[in-house]
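Shown next, in structure tokens, is the structure this report addresses.
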Amino acid sequence: MTPQEMFSIIQAQYKNITEIPYPQSPHAAPAHEGKPYRDPHLYLQCPSELWLEFANFLKNEENLSFDYLTFVTALDYAKVNPQEPIRIEVVYHLYSFKHRHSIVVKISLQRENPVLSSVIQVWKTSDWQEREVYDMFGVKFEGHPNCSRILMWEGFPGWPLRKDYVHIPDRYDD
Amino acid sequence: MNTEILRIQGQDSKTEEMILNLGPQHPSTHGVLRVILKMDGEVITSAQPDVGYLHRGTEKLAENRTYPQMLVISDRWDYLAAMSNNLVWALAVEKLMQIEVPARGQILRVIMVELNRIASHLVFFGTYGIDIGAYTPFLYAFREREKILDLFEEVSGARMTYNYIRIGGVMADLPKDWIGRCRSFLEWMKPRFIEYDTLLTENPIFQDRTKNIGILPQPLAISYGISGPNLRGSSYRFDLRKDAPYCLYEKFNFSIPTGKNGDCWDRYWVRIEEMKESVKIIEQALDLLPEGECNAKVPRIIRPPMGEVYAQIEAPRGMLGIYLVSDGGDKPYRVHVRPPSFINLAVLQEILVGMKVADVIAILGSIDIVLGEVDR
Amino acid sequence: MILPVWNESQKRSALILFGIASAGAGISIAIGEIGARFSKIWQCLSSFALKNSIPTALLTTLSMIIQCSILIGFISGAVMFMVWWERKVSAHMQNRLGPMFTGGWHGWAQTIADAIKLLLKEDIIPAEAKPWVHRLAPIVAFVPAFLCYAALPFGEGLISADLDIGILYIFAISGLSVLGIVMAGWGSGNKYSLLGGLRSAAQSVSYEIPRVLSVVPILMMVGSLKLTSIANVQTGFWRLAGIPLLPRWFIFYPIVGQIAFLIFLISSVAETNRTPFDIAEAESELVAGFHTEYSGMKFSFFFLAEYAYVFLSSGLTTVLFLGGGSGPVLPSWSWFLLKSFAVVFLFLWFRWTFPRLRVDRLMEFTWKFLLPWSFINILITGFILLF
């Protein structure tokens, strides 16, 4: 299915979910004149309260049937880039084995105490990947049975992959 | 081996649940992985893998490294198949910058990645044999692997972290008569598979230890995001080389082995068959190798335009992907590695339940993880 | 098959081995039947004692001491050779070389170096262990093997104690080794040693039964439990029109011999805790083995015990199935040694070829497969003897 067809099916159900437009070249473009690039999938912006319902819809809807969650990750937009609003963006990349098409869903969350509902009941692979997002960014996932640190050790202070992370010297530093 | 027991009284005063720590120091060569098993006698009631012992923070490091510098770090994710890691990073950056690599470069990449697949699966074969108790196949596998590593050393100068596949092509063209040596290696490799079959694949004791053990049903595999030989072992035929070809894979003629039951033996068998298919691919690639330039023109300082890209390849362990977000500078804004071993390992929580303790090693070995990729 | 092309050093090694073999053959023919010489020496000594009225009790004690020393010397020498040989055989099967440097030619002194190293190690008794049980376990594991060697015929007249119930004695005493394993497992104070020890004990006890039962057809055909009579029945050849075809070894007896040999061999491999039945000592399994908490001299006792049992089982296989000592040209003791070491080679070969059986499959194998077949074997022998 083409991105437009997919978007029309989704728009029919959920009015609040918008498509993220292809990035435009910013007026302060760097020396390299390349045009911005993005993969030719459908990129959607979903509000955080709709996410669980939307996930179920994406998986169960006949023509979409996104049964494979390729990855879950997050980005931290924090005052580094003046164009981008300050937020933490959680990215879900989905794939459908049946129809062989992909979709990317992005959810914007505030940087202080971000909370998102977990989709572990929809795709079991989000178990560990959401734990990693929690570990690195501090996004709490509601409904996750074991939302704890996975790569860093228990009791590690701070959220490492945030842009404003400052390393607190611990017993491993000289 | 680290072992500790805690006695926990269950509801029923007769049963005691025992916690066993399959500690970070492992006799089986999988790396620093800790699995916390709760057992009721011989049967496992819960299994929690505990990872993060090898976490080096590559995603954070990437924010301070230029794109060519990240190639060196990418070697160290799945260190047994470093060529694949280099390839996926190069593909991601090339996609973002819309660089077209010439045919010779692409076919050289295919040859290296397939040779690396054979080397990686040989390590799996050898170490799986040791896990099951057969000590000899390990040495045969490493004898073959030495020949591959010799070939790689001639081409890139290193035996494990090659850094050979670069953005825009490869590091350098092939040395003199490398093709001849590669072909003689392939001729040497072909009868070895018969040896491996008699030694391990058709051994009744081995089959007894691996058949009908650790069955991974297909819907569970898809839900858990399994990819690679594990998914193919669960009889779902999906291979990125055929279904989303990259690097001119559409020109090669090879088949995708698929298992039937999803047990340990099927996953093992899929990898052995994949080695045979890789030999076929390399032969075709050597025949198809065109003359000409192997590198594309790439600017000295690589500054991709703004945007984001997700590039994925079929690494020996599964679907390895890079999600790259660029803000126009010479360092990436965000790099996320989609590690197949990390995602495959999560399924251990589910398929170990109900198994006996003696099968834990067999099942863990058949998933074939590399801790460098699990922890990044 | 492609003929191997040998390079210089391989040709040299082959020549050296051939030289050693022929020198060995020559020396053994020159020495002749040791048994006869020993009995002559014994006669001289006893007549000397009688003449000078030395009490016979002293003479008997002296003879026992000499026999024990010869046996211990032989066991130690054989074990030293076997450990080196195992390392060489496994290395060559795995496409590598094995010990090459200690002592010069192909590392022949490797075991001596290992023994010295083990002697110099610190002897650790874990805090939770029960000290005397922990200390006695290696001894209890080794001593039965040594006792069994007394009843093993090394050739014509070369048997320390030619008991009328020879084979029954050997089976009974070697069963005592299980006690040593359980003592080691329990006395270590380590729950995993205990589990490993108990598993190993269960395995040993279960495999005793087919082992003993597979020998029963032989006993039925010979009619005696004496090991020397069993060996003597197997001398000579079956002839067809005057040409010797097959030696009269029990392994060549139709059907019965082969089944009995296979069951006995497999059970012996299981008894001695060798792969494919080595869950007790397996490193890559979850549960540690019964001899984890042992270091230094005590560990070397277990090691010695294992190889002593391997040679004992091979020696028994030789005597029971391979004619133990019968053969042309060479004296009987060299035939016995050759045949025993051939069976030892089988043990070594199995270890480095086969993967390990899982515990429950191992027990299933003996109770549901080996045991019924040994009964069937006895039945078939009965029929053959009747008709």
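The values are calculated or read from the model by the stated rules, or taken from the named source; none is laboratory data. Since the structure is predicted, the reported quantities are computational estimates derived from the model, not experimental observations. A quick note on method: Cβ atoms are made from the backbone with ideal geometry, for glycine too, and the neighbour counts reach across all protein chains shown. Surface accessibility is based on the protein's heavy atoms, side chains included, excluding ligands, DNA and RNA. Shrake-Rupley method; radii C 1.70, N 1.55, O 1.52, S 1.80 Å.
Looking only at the stretch B:222-233, residues that are in a helix (DSSP H, G or I) and within 17 Å of the chain's Cα centre (by Cα) come to 5 in all.
Looking at C:360, C:278, which one is open to solvent by 10 Å² or more (accessible area, probe 1.4 Å) and of a type in the set (Asp, Glu)? Just one listed residue meets the conditions, C:360. Pairs only if they're at least six apart or on different chains, beta carbon under 8 angstrom, first in the stretch A:143-170 and more than 20 Å from residue B:337 (Cα to Cα) and free of Cβ contacts under 8 Å to residues at least 60 places away in the same chain, second open to solvent by 60 Å² or more (accessible area, probe 1.4 Å) and among the β-branched types (Val, Ile, Thr); list them, first residue then second. Matching pairs, first to second residue: A:157/A:168; A:158/A:166; A:158/A:168. Against the condition under 24 Å from residue C:118 (Cβ atoms) and at pLDDT 85 or above, how does residue C:213 come out, does it pass? For residue C:213, the condition - under 24 Å from residue C:118 (Cβ atoms) and at pLDDT 85 or above - is not met.
Within the stretch B:367-375, does at least one residue satisfy the condition of being facing another protein chain (nearest Cβ under 8 Å) and either in contact (Cβ under 8 Å) with a residue 24 or more places away in the chain or not β-branched (Val, Ile, Thr) (or both)?
First pass over the stretch B:367-375, keeping only residues facing another protein chain (nearest Cβ under 8 Å): B:375.
Within this subset, residues satisfying the condition of being either in contact (Cβ under 8 Å) with a residue 24 or more places away in the chain or not β-branched (Val, Ile, Thr) (or both) are B:375.
Scanning the stretch B:367-375, I find at least one residue that is facing another protein chain (nearest Cβ under 8 Å) and either in contact (Cβ under 8 Å) with a residue 24 or more places away in the chain or not β-branched (Val, Ile, Thr) (or both), so the answer is yes.
If the requirement is being at pLDDT below 90 and within 19 Å of the chain's Cα centre (by Cα), which of these qualifies: B:266, B:243, B:208? Testing whether each residue is at pLDDT below 90 and within 19 Å of the chain's Cα centre (by Cα) leaves just B:243. Among the helices (runs of 4 or more DSSP H) confined to the stretch C:269-387, the ones with at least 3 residues that are away from chain B (no Cβ under 14 Å) are located at C:296-321, C:332-353, C:371-386.
Just to be sure, is residue C:332 at pLDDT below 85, in contact with a Leu (Cβ under 8 Å, 6 or more places away or on another chain), of a type outside the set (Lys, Arg) and within 30 Å of residue C:77 (Cβ to Cβ)?
Taking the combined requirement at face value, the residue satisfies it.
Please verify whether the stretch C:241-259 includes one or more residues that are open to solvent by 70 Å² or more (accessible area, probe 1.4 Å), assigned to a helix (DSSP H, G or I) and closer than 22 Å to residue C:325 by Cβ. Among the residues of the stretch C:241-259, at least one is open to solvent by 70 Å² or more (accessible area, probe 1.4 Å), assigned to a helix (DSSP H, G or I) and closer than 22 Å to residue C:325 by Cβ, which makes the answer yes. Taking residue B:124, is it under 20 Å from the mean Cα position of the chain (by Cα), in a helix (DSSP H, G or I) and without any contact (Cβ under 8 Å) to a residue 24 or more places away in the chain? Spelling it out, it is not the case that residue B:124 is under 20 Å from the mean Cα position of the chain (by Cα), in a helix (DSSP H, G or I) and without any contact (Cβ under 8 Å) to a residue 24 or more places away in the chain.
In the set C:168, C:136, C:179, only one residue is touching a Leu at 6+ places or on another chain (Cβ under 9 Å), modelled with pLDDT of 85 or more and within 26 Å of residue C:313 (Cα to Cα); that residue is C:168.
It is to be established whether one or more residues within the stretch C:195-206 are closer than 30 Å to residue C:38 by Cα, at pLDDT 85 or above and open to solvent by 30 Å² or more (accessible area, probe 1.4 Å).
no
Within the stretch B:234-256, the set of residues being within 13 Å of chain A (Cβ to nearest Cβ) and among the charged types (D, E, K, R) comprises B:237, B:239, B:242, B:243. Scan the stretch B:257-264 and give yes if some residue there is under 28 Å from residue B:189 (Cβ atoms), hydrophobic (A, V, I, L, M, F, W, C), assigned to a strand (DSSP E or B) and within 14 Å of another protein chain (Cβ to nearest Cβ), otherwise no. The answer is no; no qualifying residue exists.
If we scan the stretch B:251-263, do we find a residue that is open to solvent by less than 20 Å² (accessible area, probe 1.4 Å) and closer than 17 Å to residue B:169 by Cα? No, every residue in the stretch B:251-263 fails to be open to solvent by less than 20 Å² (accessible area, probe 1.4 Å) and closer than 17 Å to residue B:169 by Cα. Would the stretch C:66-79 turn up any residue that is surrounded by 13 or more Cβ atoms within 10 Å (Cβ to Cβ) and not in a helix (DSSP H, G or I)? No, the conditions are met nowhere in the stretch C:66-79. Here the condition is being among the hydroxyl-bearing types (Ser, Thr, Tyr) and open to solvent by 70 Å² or more (accessible area, probe 1.4 Å); of C:47, C:53, C:22, C:63, it holds for C:53 alone.
Let's see how each residue does on (1) open to solvent by 30 Å² or more (accessible area, probe 1.4 Å); (2) away from chain A (no Cβ under 14 Å):
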{"site": "B:156", "(1), (2)": "no, yes"}
{"site": "B:180", "(1), (2)": "yes, yes"}
{"site": "B:184", "(1), (2)": "yes, yes"}
{"site": "B:191", "(1), (2)": "yes, yes"}
{"site": "B:196", "(1), (2)": "no, yes"}
{"site": "B:204", "(1), (2)": "yes, yes"}
{"site": "B:214", "(1), (2)": "no, yes"}
{"site": "B:228", "(1), (2)": "no, no"}
{"site": "B:232", "(1), (2)": "no, no"}
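Scanning the stretch A:110-126 for residues that are acidic (Asp, Glu) and at pLDDT 90 or above turns up nothing.
Residue A:139: farther than 20 Å from residue B:321 by Cβ, of a type in the set (Val, Ile, Thr) and in contact (Cβ under 8 Å) with a residue 40 or more places away in the chain, yes or no? Spelling it out, residue A:139 is indeed farther than 20 Å from residue B:321 by Cβ, of a type in the set (Val, Ile, Thr) and in contact (Cβ under 8 Å) with a residue 40 or more places away in the chain. Out of the residues in the stretch B:62-80 that are more than 30 Å from residue B:146 (Cα to Cα) and either among the aliphatic types (A, V, I, L, M) or in a loop (DSSP other than H, G, I, E, B) (or both), which is least open to solvent (accessible area, probe 1.4 Å)? Top of the filtered list is B:62.
Among the criteria (1) under 22 Å from the mean Cα position of the chain (by Cα); (2) free of Cβ contacts under 8 Å to residues at least 40 places away in the same chain; (3) more than 8 Å from chain A (Cβ to nearest Cβ), the one residue B:300 does not fulfil is (1). Is it the case that residue B:165 is at pLDDT 90 or above and either more than 14 Å from chain A (Cβ to nearest Cβ) or over 30 Å from residue C:277 (Cβ atoms) (or both)? Considered against the rule, which asks whether it is at pLDDT 90 or above and either more than 14 Å from chain A (Cβ to nearest Cβ) or over 30 Å from residue C:277 (Cβ atoms) (or both), residue B:165 comes out as yes. Considering only the stretch B:213-223, I want to know if a residue exists there that is at pLDDT below 90 and within 30 Å of residue B:108 (Cα to Cα). No; the residues of the stretch B:213-223 include none that is at pLDDT below 90 and within 30 Å of residue B:108 (Cα to Cα).
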